[in-house]
């Protein structure tokens, strides 16, 4: 059990690295983000919530009218 734990710990820590300032540009690009356009995704999620008259796990209480 401890050998598997050490292997998992070694693999996890092996992925840690210091990113130089000139390398951060690539990590900050839109392709590296989970959602390239967060404003459009929020609008689409809000539209979906209003049309379905429910908030599916991401929002709060409210009806189809957009009231909270």
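Rule-based calculations on the coordinates, nothing more; no lab input. The shown structure was predicted, so the numbers you read here are calculated from the model rather than taken from an experiment. Please note: Cβ atoms are built from the backbone with ideal geometry, for glycine as well, and neighbour counts cover all protein chains shown.
Taking the number of Cβ atoms within 10 Å of each Cβ as an exposure proxy, the fewest-first ranking of 1, 32 is 1, 32. Ranked for footprinting exposure by Cβ neighbours inside 10 Å, fewest first, 37, 49 give 37, 49. Under the simplified labelling scheme, the residue 24-residue 9 pair shows an inter-label distance of 3.1 nm, with each label point 7 Å from Cα along Cα→Cβ.
Which FRET efficiency value, to the nearest 0.05, do you get for residue 2 and residue 34 by plugging their Cβ-Cβ distance into 1/(1 + (r/R0)^6) with R0 = 35 Å?
0.50
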